[in-house]
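The values are calculated or read from the model by the stated rules, or taken from the named source; none is laboratory data. Quick caveat: nothing in here was measured; it's all calculated off a predicted structure. Glycine gets a Cβ as well: all are built from the backbone with ideal geometry, and neighbour counts include every protein chain shown. Ligands, DNA and RNA are excluded from the accessible area calculation, which covers all protein heavy atoms including side chains. Shrake-Rupley method; radii C 1.70, N 1.55, O 1.52, S 1.80 Å.
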Amino acid sequence: MSRRSGILEFAVLGLLRESPMHGYELRKRLNTSLGVFRAFSYGTLYPCLKTLVANGWLIEEPGQTAEEAPATALAGRRAKIVYRLTAAGKEHFEQLLSQTGPDAYEDEHFAARFAFFGQTSRDVRMRVLEGRRSRLEERLEKMRASLARTRERLDDYTLELQRHGMESVEREVRWLNELIESERAGRDLRGSASGETAQQDTTSGATGGLPRPGDDTRPDTPGDTAT
């Protein structure tokens, strides 16, 4: 399984843990709620769903209406299929949520993991956040060293591009520092003291209005923004 396929399976299981959905709705949720999946198609989603069904993690059920089905499905008069998470699928997703290996710190996987932090235990959230911060600090150090070696050979525009990349990483490190501080203090992202509230309010299976990795959360600095 490729890394991207693994991320997609994780996200699909997480969304279906909230409620059963048909393929069109799943694709829409992946596109609008999880930026990492903005550029993917039904040709990517449906093989993933078939694999999850074959593994026993999802079951297919007949849908009630076809009003939102893709045009290709309507043309073929196929009934809309609804996908539901099985008990085995829920258990598998919970196992994935508990994993904190190096893949959890990478750009795409971290974005997907963060989207489901509301379903993740505090200790796992801390390990993922600290691992991501460590990974970015290593990246930043390499970028600074590279810029120091090549600065004299770069034209002004390339130099600005290098600086922009470094500033983006620096912003995310500051953002992670704030999140880690809040987690350690037992606060949710709105700053109120809480235990379970922090876990429930962080997100409901999607990033919603939360800052995305790479965005600057300081009020005096504009942020940046990937289904």
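Go through the residues of the stretch 109-122 one by one and say whether even a single one is under 20 Å from Glu18 (Cβ atoms) and either among the hydroxyl-bearing types (Ser, Thr, Tyr) or touching a His at 6+ places or on another chain (Cβ under 6 Å) (or both). Scanning the stretch 109-122, I find at least one residue that is under 20 Å from Glu18 (Cβ atoms) and either among the hydroxyl-bearing types (Ser, Thr, Tyr) or touching a His at 6+ places or on another chain (Cβ under 6 Å) (or both), so the answer is yes.
Given Thr202, Thr120, which one is open to solvent by less than 50 Å² (accessible area, probe 1.4 Å), modelled with pLDDT under 90 and within 25 Å of Leu26 (Cβ to Cβ)?
Matching residue, one of Thr202, Thr120: Thr202.
Being surrounded by 14 or more Cβ atoms within 10 Å (Cβ to Cβ) and under 23 Å from the mean Cα position of the chain (by Cα) is a property that does not hold for Gly101.
Identification of helices (runs of 4 or more DSSP H) wholly contained in the stretch 1-67 with 2 or more residues that are in contact with a Gly (Cβ under 9 Å, 6 or more places away or on another chain), at pLDDT 80 or above and open to solvent by 20 Å² or more (accessible area, probe 1.4 Å) yields 3-18. Checking each residue of the stretch 150-161 against the condition of being over 27 Å from Ser19 (Cα atoms) and under 18 Å from the mean Cα position of the chain (by Cα) gives no match.
Scanning the stretch 140-151 for residues that are at pLDDT 90 or above and either at positive phi or open to solvent by 80 Å² or more (accessible area, probe 1.4 Å) (or both) yields Glu141, Lys142, Arg144, Arg149.
Scan the stretch 129-174 for residues that are of a type in the set (A, V, I, L, M, F, W, C) and either in a helix (DSSP H, G or I) or closer than 25 Å to Glu108 by Cα (or both) and jot them down.
Let us first name the residues in the stretch 129-174 that are of a type in the set (A, V, I, L, M, F, W, C), namely 129, 136, 140, 143, 145, 147-148, 154, 159, 161, 166, 169, 173.
Matches in the stretch 129-174: Leu129, Leu136, Leu140, Met143, Ala145, Leu147, Ala148, Leu159, Leu161, Met166, Val169, Val173.
Cβ separations smaller than 6 Å between residues 6+ apart or across chains give the following pairs from the stretch 91-106 residues that are part of a helix (DSSP H, G or I) to residues that are β-branched (Val, Ile, Thr): Leu97/Thr120; Ser98/Val124; Ala104/Val128. In the stretch 113-128, the residues that are on the phi < 0 side of the Ramachandran plot form Cβ pairs under 6 Å with partners that are basic (Lys, Arg), at six or more places apart or across chains, as follows: Phe117/Arg125; Val128/Arg113. If you check Arg84, Arg113, Arg133 for being at pLDDT 95 or above and surrounded by 15 or more Cβ atoms within 10 Å (Cβ to Cβ), only one passes: Arg133.
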